[in-house]
Amino acid sequence: IDETAKELGVPVIAKLPIQPNINQLVDNGRIFDARCNELDDFISVLKGE
């Protein structure tokens, strides 16, 4: 992802690892119980912080 972002001239604002526990929550209809700390920086960028 870093290489592609560099080629396109855009910043990398999030990298999301595969987390099997999130899949289980989604499958059980509990998506709102999922927590993905890796999205914190991405959300800050969207908020303009």
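No value in this document is a laboratory result; all are computed from the given coordinates. Just so we're clear, the structure is a prediction, and the values are computed from it rather than from any experiment. With ideal geometry, Cβ positions are generated from the backbone for all residues, glycine too; neighbour counts draw on all protein chains shown.
Data for the structure
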read-out	value
Subset of the chain (residues that are surrounded by 11 or more Cβ atoms within 10 Å (Cβ to Cβ) and of a type in the set (Phe, Trp, Tyr))	Phe42
Selection within segment 25-49 - without any contact (Cβ under 8 Å) to a residue 12 or more places away in the chain and either closer than 15 Å to Pro11 by Cβ or among the aromatic types (Phe, Trp, Tyr) (or both)	Phe32, Ile43, Ser44, Leu46, Gly48, Glu49
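Residue-wise test of (1) among the basic types (Lys, Arg); (2) within 12 Å of the chain's Cα centre (by Cα); (3) part of a helix (DSSP H, G or I).
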| residue | (1), (2), (3) |
| --- | --- |
| Val12 | no, yes, no |
| Pro17 | no, yes, no |
| Asn21 | no, no, yes |
| Leu25 | no, no, yes |
| Phe32 | no, no, yes |
| Arg35 | yes, yes, no |
| Asp40 | no, yes, yes |
| Ile43 | no, yes, yes |
| Glu49 | no, no, no |
